[in-house]
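Report on one structure; see the data block that follows.
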Amino acid sequence: MAKNDLLGGALWDAYSNKVAQRMDNPTHLGVLTEEDAKARNAKLIVADYGAESCGDAVRLYWLVDEEDTIIDAKFKSFGCGTAIASSDMMVELCLGKKVQDAVKITNIDVEKALRDDPDTPAVPGQKMHCSVMAYDVIKKAASLYLGKDMADFEDEIIVCECARVSLSTIKEVIKLNDLKTIEEITNFTKAGAFCKSCIKPGGHEARDYYLVDILRETRLEMETEALKQNAQKVQLGDLPFAEMTIVQKSKAIDKTIDEHIRPMLMMDGGDLEIIDIQDSQDGHTDIFIRYLGACHGCASASTGTLYAIENVLQEHLDSNIRVLPV
Amino acid sequence: MRVYLDNNATTMLDPKAFELMKPYFCEQYGNPNSLHKFGTEIHKAISESFDKLYAGINAKNEDDVIITSCATESNNWVLKGIYFDEILGKNKNHIITTEVEHPAIRSTCAFLESLGVEVTYLPIDEDARVTAQQVREAITEKTALVSVMWANNETGVIFPIEEIGQVCKEKGVLFHTDAVQAIGKIPVDVVKANVDFLSFSGHKFHGPKGIGGLYIRKGVSLTPLFHGGEHMGGKRSGTLNVPYIIGMGEAMRLAQEGLDYEAREVRHLRDYLEDAILKNDEVIVVGKKELKVPNTILTSIRGIEGEAMLWDLNKAGIAASTGSACASEDLEANPVMSAIGADKELAHTAIRFSLSRFNTQEEIDYTIRIFNQSIQRLREISSTY
């Protein structure tokens, strides 16, 4: 949220002049018929995408020649100004292209072609989804022409259709940058910045993947992976004491006491037990111990013996260890 | 030509109300809570404004009409106040409202649900109304409040408030009504309707924006939403917005005075526009004329997306709405159209025209011409028509 976002109602002000012009006077509006196709020795493709009940629908007409080139195209659209302008621009971008190339036109290409200047978006964020329909109808038309499934044109799972951000990209960015919030994902990838349907259920349209789920699952994967790596390092003796989990610290302290301290104490009929281990706010690890046997009540338990125990633990594990008898 | 047909979103301030407000900005600017003369000399005007507000809804002197910033605040206050007074730590945990309330009610109910309150959202019938019988059947021993709007902001359909009030009275349940779209259009009488709380907003009946009110029946308690002072008897803290209270009071008086004009002339213009709209093929208008406030038309036009039509109208200088002004940037279908459920395909095609006493025959003729032109243009573009 920022100052400019506090005042609503300027939706149409954010439309580029090109959007407004094409909304008022679409240049490629119309229909193409079998007669048109016959007259130009081409194949007619008619593709529908969307539905009135969803708020947006478009019908795309192509005439495709024997070289797979789109030699003419028209559209009809049920939708808002952005949908009509996007459909009009989409048709323009298709014209003269081979079908195999036209299918590479994305909604981002359509939106960029509608900009008045390269740095200013043609439509406000919440209207980006209207250009997605223009992209989808191209895939539909190509699938009809080439006899393929629409899904065949997608190499990746797209989570945010407005910004064309894939599932693998989002997961990779979360992992590489240790992202913890949806806002961070949006800042890094633009996913979720536009119509917001992909953020969580309940938006404009239902999605197969939501950012909230991807973030939660990826964080869980990261934590599991970190634990695995951590365990591996412990096994190899490569993990510094300070980076150990509390369980690992406890085991390491036990091991050091068993190997280097307890035999020394037992020679004099004494012993100790660990009461608690705490990471203090000043960067120390505090080990609370209780003396047993001859050590209990011994005069050096709070001086020489204590320093000896602390020194051994510091030497073998970490210089920030403190031993505190209770 | 500029034609304003979005009066359910807001209205023009009546110039007569504006004239009365003027002295209270720079000349009589004292704080009415001050002890000195700068403050006390304003009391008479404030008192007269309160009289106009009380008269406008037929409140008794013993009742409270508290000035708020808007009906959204009033609605929030009732629902959250009920939570503190009737629900929290007590045996009641249920609120009844409708599926087509303003977001000030629906969103606040959703918030209360997150706190564990159970909310029943009554659906509307084929006439776009809820009935007293629906309310009766929904009330349980756990019900703390019934909140049903007096008239719907999008369809203009009037709900049977007097009957619902009677049911609530019989059942001993508190009753709130959001009367924002009723005041100034039809008679509103809190006594006849048996309401305990009633919300209103000044700018919906040609008063200033940013000021509203909440009627609270005598003997009903409501925890304040704002704490911090002794203003309004300690019930709503915050220095009184004197010029706006003066303006809202006068607007209320003018609205009451103009009810006959509203019922006769505004209704005539509305019906004239509605009849012209319905001459087009595959166009519907929601709600029967006789069940609606006199100024509102919610229409759906097969094959034309609402915002696209709004774009064309705006280009020609005509202001209308795709539904609620609060939701004009929303991508969702019109919620009232969805709630009606009669034709799902039409839910994205809703356009609302809402008139006022300042509209003229010439403006409506112009609107009909532009509307028909736009239908023709957009249906030529449409892939679904």
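The values are calculated or read from the model by the stated rules, or taken from the named source; none is laboratory data. Keep in mind the model is a prediction, meaning the values are calculated, not measured. Reconstructed Cβ throughout: ideal geometry from the backbone, glycine too, with neighbour counts over all protein chains shown. Note: areas computed on protein heavy atoms with side chains; ligands, DNA, RNA excluded. Shrake-Rupley method; radii C 1.70, N 1.55, O 1.52, S 1.80 Å.
Data overview
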quantity: Flag if A:GLY8 is open to solvent by 30 Å² or more (accessible area, probe 1.4 Å), closer than 29 Å to B:MET337 by Cβ and within 9 Å of another protein chain (Cβ to nearest Cβ); calculated: yes
quantity: Selection status of A:LYS255, at pLDDT 90 or above, farther than 30 Å from A:MET128 by Cα and basic (Lys, Arg); calculated: yes
quantity: Among residues of segment B:285-316, those that are more than 14 Å from chain A (Cβ to nearest Cβ) and either modelled with pLDDT of 95 or more or on the phi < 0 side of the Ramachandran plot (or both), counted; calculated: 14
quantity: Residue among A:ASP286, A:ASP271, A:ASP276 that alone is in contact with a Ser or Thr (Cβ under 6 Å, 6 or more places away or on another chain) and assigned to a strand (DSSP E or B); calculated: A:ASP286
quantity: Any hit, segment B:137-147, residues being surrounded by 23 or more Cβ atoms within 10 Å (Cβ to Cβ), among the hydrophobic types (A, V, I, L, M, F, W, C) and touching a strand residue (DSSP E or B) at 6+ places or on another chain (Cβ under 9 Å); calculated: yes
quantity: Among residues of segment A:171-216, those that are among the hydrophobic types (A, V, I, L, M, F, W, C), open to solvent by 50 Å² or more (accessible area, probe 1.4 Å) and within 14 Å of chain B (Cβ to nearest Cβ), counted; calculated: 1
quantity: Which numbered condition B:THR360 fails, given (1) surrounded by fewer than 18 Cβ atoms within 10 Å (Cβ to Cβ); (2) at pLDDT 75 or above; (3) in contact with an Asp or Glu (Cβ under 8 Å, 6 or more places away or on another chain); calculated: (3)
quantity: Given (1) free of Cβ contacts under 8 Å to residues at least 60 places away in the same chain; (2) open to solvent by less than 40 Å² (accessible area, probe 1.4 Å), number of the condition B:THR40 does not satisfy; calculated: (2)
quantity: Among the residues listed as A:ALA10, A:ALA14, the single one being in contact with a Pro (Cβ under 9 Å, 6 or more places away or on another chain) and more than 19 Å from A:VAL132 (Cα to Cα); calculated: A:ALA10
quantity: Scope segment B:275-301; condition open to solvent by less than 50 Å² (accessible area, probe 1.4 Å), under 25 Å from A:VAL58 (Cα atoms) and out of contact with any Leu (no Cβ under 6 Å at 6 or more places or on another chain); matching residues; calculated: B:ASN280, B:VAL283, B:THR299, B:ILE301
quantity: Tally of residues being touching a residue at least 40 places away in the same chain (Cβ under 8 Å) and more than 17 Å from B:ASN152 (Cβ to Cβ) across segment B:91-116; calculated: 5
quantity: Qualifying residue in segment B:259-270 (condition: touching an Asp or Glu at 6+ places or on another chain (Cβ under 9 Å), under 30 Å from B:LEU5 (Cα atoms) and open to solvent by 10 Å² or more (accessible area, probe 1.4 Å)); calculated: yes
quantity: Whichever residue in segment B:363-383 is without any contact (Cβ under 8 Å) to a residue 12 or more places away in the chain and open to solvent by 40 Å² or more (accessible area, probe 1.4 Å) and, among such residues, is nearest to the other protein chains (Cβ to nearest Cβ); calculated: B:GLU380
quantity: Boolean, B:GLU99 is open to solvent by 20 Å² or more (accessible area, probe 1.4 Å), touching a helix residue (DSSP H, G or I) at 6+ places or on another chain (Cβ under 6 Å) and within 23 Å of B:CYS168 (Cβ to Cβ); calculated: yes
quantity: Looking only at segment B:53-85, and only at residues there that are among the small types (Gly, Ala, Ser) and crowded, with 18+ Cβ neighbours inside 10 Å, the one that is nearest to B:PRO243 (Cα to Cα); calculated: B:SER69
quantity: Considering residues of segment B:25-69 that are among the aliphatic types (A, V, I, L, M) and part of a loop (DSSP other than H, G, I, E, B) only, the residue nearest to B:TYR215 (Cα to Cα); calculated: B:ALA59
quantity: Count of residues meeting criterion [out of contact with any helix residue (DSSP H, G or I) (no Cβ under 9 Å at 6 or more places or on another chain) and not hydrophobic (A, V, I, L, M, F, W, C)] in segment B:269-280; calculated: 1
quantity: Residues within segment B:345-378 that are among the charged types (D, E, K, R), assigned to a helix (DSSP H, G or I) and closer than 24 Å to B:LYS292 by Cα, tallied; calculated: 4
quantity: Segment A:227-264, residues that are surrounded by fewer than 11 Cβ atoms within 10 Å (Cβ to Cβ) and small (Gly, Ala, Ser); calculated: A:GLY237
quantity: Options B:ALA327, B:ALA319; residue that is at pLDDT 90 or above, open to solvent by 10 Å² or more (accessible area, probe 1.4 Å), under 22 Å from the mean Cα position of the chain (by Cα) and within 14 Å of chain A (Cβ to nearest Cβ); calculated: B:ALA319
quantity: Unmet requirement for B:ALA128, which otherwise passes all of (1) under 25 Å from B:HIS203 (Cβ atoms); (2) in a helix (DSSP H, G or I); calculated: (2)
quantity: Members of segment A:289-322 that are open to solvent by 50 Å² or more (accessible area, probe 1.4 Å), outside any loop (DSSP other than H, G, I, E, B) and in contact with a strand residue (DSSP E or B) (Cβ under 8 Å, 6 or more places away or on another chain); calculated: A:ARG290, A:LEU292, A:GLY293, A:SER302, A:GLN314, A:ARG322
quantity: Failed condition for A:SER280, given (1) in contact with a Leu (Cβ under 8 Å, 6 or more places away or on another chain); (2) open to solvent by less than 40 Å² (accessible area, probe 1.4 Å); calculated: (1)
